[in-house]
Amino acid sequence: MPYDYESDAANIKENLNCVHIGSEILFLPEIDSTNNLVKEHAKNNAQEGLVIIAESQTGGRGRMGRFWHSPPETGIYLSILLKPNLNPNHLSFITLLAGVSAISTINEISHQRANLKWPNDILINDKKVCGLLCEVTQEQGNFFSVVIGIGINVNQVLEQFPEDLKKMATSLRIVNGSPINRLTVIRSLLITLDREYRLFLAEGGHSVIKKWGSNTDLFGKRVSVKRGSVIITGTAINLDESGRLVLRQDNGHDEVVASGEISLG
Ligand code: BTN
């Protein structure tokens, strides 16, 4: 009998009690990328809160044009459509609130203390357990369609990661010692994200910035951020009021970066 993904979607939706997220939940066996499919739905005026989950992705995308390894039965690959009415300068808050929500779920379920790496990788023991890819698709006045794509390594054992990822990746199962129910993780993630999103819409980004800061060990460290061909080096100080990373350079000048690739040193 074929596996019943519709019933998984119904289980996730049952008593979800979210205000924004989960207006529709689609669970599909295999697609190229959940972010791509949510974007297509957004073009066709999908409602805020649409969630698309895939058992596997053939073209899972990471940041900086990278590939996101997305085999079946182990990971979580999902994307969520939000349509906030926002000042465009505040769109980076959506990425931060996705990171804050994902790390809260990961900490709760793994009983570990994960660490946010700017802009939005989640690491446990310095290895990546979760990646986020947020993309803005459409604009109507101040209404944006933002796609939050989340990939979580849940039940992989080390041997299941491709050779080039073995040193850099981990899973909830590896750190926890036993397999984890992916539907439980998905439900917890959607509930947390809905709560953080409501808080953000009601009160602005202060609480997101505070929570982000208390889930990272980045501040005070010397880092380099690569933005295209430019590399900025300095000490990571904090996130500014718009959620951008503040780097104090050797000349004492503070440089603010909204995106880029960070490395220590
Ligand atoms: C990264 O760390 O570079 C971001 C990885 C994001 C992967 C997720 S999996 C679900 C969604 N669909 C995609 O194609 N990418 C994101």
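Among the helices (runs of 4 or more DSSP H) confined wholly to region 148-216, which include 2 or more residues that are of a type in the set (Asp, Glu), within 25 Å of Glu14 (Cα to Cα) and open to solvent by less than 70 Å² (accessible area, probe 1.4 Å)?
On the way: elements: 172-176, 182-203, 206-213.
The qualifying helices (runs of 4 or more DSSP H) are 182-203.
Output the residues belonging to region 74-95 that are at pLDDT below 95 and not small (Gly, Ala, Ser).
Within region 74-95, the first condition is being at pLDDT below 95, and the residues that meet it are 83-95.
Answer for region 74-95, where residues must be at pLDDT below 95 and not small (Gly, Ala, Ser): Lys83, Pro84, Asn85, Leu86, Asn87, Pro88, Asn89, His90, Leu91, Phe93, Ile94, Thr95.
Report every pair of residues separated by at least 6 positions or lying on different chains whose Cβ atoms are under 8 Å apart, first residue within region 191-207 and in contact (Cβ under 8 Å) with a residue 60 or more places away in the chain, second aromatic (Phe, Trp, Tyr) and open to solvent by less than 80 Å² (accessible area, probe 1.4 Å).
If the second residue must be aromatic (Phe, Trp, Tyr) and open to solvent by less than 80 Å² (accessible area, probe 1.4 Å), the pairs left are Phe200/Phe93; Gly205/Phe93.
Within region 233-254, identify whether any single residue is assigned to a helix (DSSP H, G or I) and either at pLDDT below 95 or not β-branched (Val, Ile, Thr) (or both), and answer yes or no.
Here is the first cut: in region 233-254, the residues assigned to a helix (DSSP H, G or I) are none.
Checking region 233-254: not a single residue is assigned to a helix (DSSP H, G or I) and either at pLDDT below 95 or not β-branched (Val, Ile, Thr) (or both).
I'd like the residue in region 15-34 that is over 19 Å from the mean Cα position of the chain (by Cα) and of a type in the set (Asp, Glu) and, out of all such residues, is nearest to the ligand (Cβ to nearest atom).
Glu30
What number of residues within region 35-69 satisfy the criterion of being at positive phi and near the ligand (Cβ under 9 Å from one of its atoms)? Write out each step before concluding.
Step one: filter region 35-69 for residues at positive phi, giving 45, 49, 64-65.
With the extra rule that they be near the ligand (Cβ under 9 Å from one of its atoms), the set shrinks to 64.
Count: 1.
For the condition away from the ligand (no atom under 14 Å from the Cβ), open to solvent by less than 20 Å² (accessible area, probe 1.4 Å) and under 30 Å from Gly177 (Cα atoms), what is the one hit in Ile12, Ile94? Working first, answer last.
Numbers: Ile94 fails: under 30 Å from Gly177 (Cα atoms).
Checking each option against the conditions leaves just Ile12.
Scan Ile76, Ile80 and give me the residue that is near the ligand (Cβ under 9 Å from one of its atoms) and among the β-branched types (Val, Ile, Thr). Write out each step before concluding.
On the way: Ile80 fails: near the ligand (Cβ under 9 Å from one of its atoms).
Criteria check complete, one pass: Ile76.
For every residue, the table says whether it meets (1) within 22 Å of Asn155 (Cβ to Cβ); (2) at pLDDT 95 or above; (3) of a type outside the set (Gly, Ala, Ser); (4) surrounded by 18 or more Cβ atoms within 10 Å (Cβ to Cβ).
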position: Asp8; (1), (2), (3), (4): yes, no, yes, no
position: Ile21; (1), (2), (3), (4): no, yes, yes, yes
position: Pro29; (1), (2), (3), (4): yes, yes, yes, no
position: Thr34; (1), (2), (3), (4): yes, yes, yes, yes
position: Ala54; (1), (2), (3), (4): yes, yes, no, yes
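For region 104-117, how many residues meet the condition of being open to solvent by less than 10 Å² (accessible area, probe 1.4 Å) and either closer than 24 Å to Ser242 by Cβ or charged (D, E, K, R) (or both)?
Just the residues of region 104-117 that are open to solvent by less than 10 Å² (accessible area, probe 1.4 Å), to begin with: 105-106, 110, 114, 116.
Then drop every residue that is not either closer than 24 Å to Ser242 by Cβ or charged (D, E, K, R) (or both), which leaves 116.
Here the count works out to 1.
Six or more apart or on different chains, Cβ under 7 Å: which pairs go from a residue in region 53-74 that's under 13 Å from Cys130 (Cβ atoms) to one that's within 7 Å of the ligand (Cβ to nearest atom) and open to solvent by 60 Å² or more (accessible area, probe 1.4 Å)? Could you list them?
Trp68/Arg61
Report yes if some residue within region 93-108 is under 14 Å from the mean Cα position of the chain (by Cα) and part of a loop (DSSP other than H, G, I, E, B); otherwise report no.
no
The values are calculated or read from the model by the stated rules, or taken from the named source; none is laboratory data. The model shown is predicted, which means the values in this text are computed figures rather than measured ones. Quick reminder, even Gly has a Cβ in these numbers, built from the backbone with ideal geometry, and neighbours come from all protein chains shown. Note: accessible area is taken over every heavy atom of the protein model, side chains too, but ligands, DNA and RNA are not part of it. Shrake-Rupley method; radii C 1.70, N 1.55, O 1.52, S 1.80 Å.
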